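Take a look at the structure set out below.
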Amino acid sequence: MNFLIQILISIFIGACFTFLAKRFDKSQTLYFFTGFFISLFTRIIYLFIYGFITEFTIDQEFNLHKYLSIILSIVIAYILFMVLKKRLIKSQSEHLDINEIGKQ
């Protein structure tokens, strides 16, 4: 059940990145997989680091760290989303300036 929730969260984050791609006429597939894999790999890396620290022993704190990895993946995906959005808005405004010069 926990794995299913993690996959659904990754799909949701990928869908958010797809929304960004639609808004700025970019590749929707590329943006979906970017969001999906950023979310998934953040969790995997977090849990591997936790595993190295605890020498891969599963104890009571493991469940807590699974949930923390989900929160961390959401935060990192949100930060990446906002950075990409700002970058795309900036590049779009630069293109508008070039078009306005041509009209004069």
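The values are calculated or read from the model by the stated rules, or taken from the named source; none is laboratory data. Note that the structure is a prediction, hence the values are computed from the model and not measured. Here the Cβ positions follow ideal geometry from the backbone for every residue, glycine too, while neighbour counts run over all protein chains shown. For the accessible areas, the whole protein counts, side chains as well, though only heavy atoms, and no ligand, DNA or RNA atoms are used. Shrake-Rupley method; radii C 1.70, N 1.55, O 1.52, S 1.80 Å.
One table, with the values for the structure above:
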{"item": "Some residue of the stretch 9-28 being hydroxyl-bearing (Ser, Thr, Tyr) and out of contact with any helix residue (DSSP H, G or I) (no Cβ under 7 Å at 6 or more places or on another chain)", "result": "no"}
{"item": "Condition check for Gly35: part of a helix (DSSP H, G or I), at pLDDT below 95 and in contact with a Gly (Cβ under 8 Å, 6 or more places away or on another chain)", "result": "yes"}
{"item": "Out of Lys90, Lys85, Lys66, sole residue that is within 18 Å of Phe12 (Cβ to Cβ), in a helix (DSSP H, G or I) and modelled with pLDDT under 90", "result": "Lys66"}
{"item": "Selection count, the stretch 22-32, where residues are open to solvent by less than 90 Å² (accessible area, probe 1.4 Å) and in a loop (DSSP other than H, G, I, E, B)", "result": "2"}
{"item": "Residues of the stretch 83-95 classified as more than 17 Å from Leu30 (Cβ to Cβ) and surrounded by 11 or more Cβ atoms within 10 Å (Cβ to Cβ), total", "result": "2"}
{"item": "Residue among Phe19, Phe41 that alone is more than 21 Å from Ile89 (Cβ to Cβ), in a helix (DSSP H, G or I) and open to solvent by 80 Å² or more (accessible area, probe 1.4 Å)", "result": "Phe41"}
{"item": "Residue tally, condition of a type in the set (D, E, K, R) and closer than 19 Å to Phe36 by Cβ, over the stretch 57-90", "result": "2"}
